[in-house]
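The values are calculated or read from the model by the stated rules, or taken from the named source; none is laboratory data. Predicted model, so just to flag it, every value in this text is computed and none were measured. Every residue, glycine as well, gets a Cβ built from its backbone with ideal geometry; the counts of neighbours run over all protein chains shown. With ligands, DNA and RNA removed, areas are computed over all heavy atoms of the protein, side chains included. Shrake-Rupley method; radii C 1.70, N 1.55, O 1.52, S 1.80 Å.
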Amino acid sequence: MFKNTRQRYGVIAIIFHWLSAFVVFGMFCLGIYMVELSYYDPFYRDALYIHKSVGILLSILILLRLVWKWLNPAVKPLSAATPLQRLQNILAGCVHLVLYLGLVTLFLSGYLISTSDGRSIEVFGWFSVASAGELFDRQSDIAGTIHLYVAWGLLAVVVIHILGALKHHFINKDQTLARMIKVMTPKKHEE
């Protein structure tokens, strides 16, 4: 089952979700590590190169994920019978929206930091992303501050997202988390 149904996520959506999650977590850890490096540290330039390259690839992955999400049916929440469940579904939708907006803000701010000196971003020697140059005064500093705070804010929202999934699994004992972990064979009426 590659595509989503109204009841279940397909394998492509599941791969997009977990690949994005692992890359975002890895990028956050690398970013925190990079902040501690001095300019003269032997790994400083390599870490920066990896961070920029993976950031560009992650932005492409998220764009593809959004296109896939748009082309597939939205998977319905498991329940919306009570006002509390409807509120939880609205909050879950808001968390997902904030996650996507946070990622887009990270991509844009990272781009503005990296290209303010007019140099393009080389992506593992495969291709480069052209620079728009310095678009406003102190671009690198302002974008750097935004990048830092949005990264920490995104981490907080990810923690809320994880806690919500764990609540569904251990307290509600429903299939919300299971639908994003394993591909299930659709029933006849789901197709």
Could you sort out which of 3/76; 3/173; 3/167; 3/52 sit more than 20 Å apart by Cα distance in this structure? 3/173; 3/167; 3/52
Expressed in nanometres to one decimal, the distance between label points 7 Å along Cα→Cβ at residue 47 and residue 94 is 3.6 nm
What figure, in Å² to the nearest 10, do you get for the accessible area of residue 44 with a 1.4 Å probe and non-protein molecules left out? 60 Å²
Given unit charges at Cβ for Lys, Arg (+) and Asp, Glu (-), the dipole magnitude of the chain about its Cα centre in debye, nearest 20, is 1300 debye
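Could you order 62, 162 so the one with the most accessible surface comes first? Probe is 1.4 Å.
162, 62
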With DNA, RNA and ligands ignored, accessible area of residue 36 (1.4 Å probe; Å², nearest 10): 140 Å²
Which net charge results for the neighbourhood of residue 58, defined as the other residues with beta-carbon distances under 11 angstrom from its beta-carbon, given Lys and Arg at +1 and Asp and Glu at -1? +2
What distance in nm lies between label points placed 7 Å from Cα along the C-beta direction at residue 37 and residue 166? 3.1 nm
Placing each pseudo-label 7 Å from Cα in the direction of the beta carbon, residue 74 and residue 1 end up separated by a distance in nanometres of 2.0 nm
On a 0 to 90° scale, report how tilted helix 11-36 is relative to the longest principal axis of the chain, with both axes built from alpha carbons and the result rounded to the nearest 10. 40 degrees
Dipole in debye (nearest 20) - region 1-112, about Cα centre, beta carbon charges: Lys, Arg +1; Asp, Glu -1: 720 debye
Using a Cα-Cα cut-off of under 16 Å, which aspartates and glutamates could be cross-linked to residue 182, ignoring same-chain neighbours fewer than 8 residues away? 174
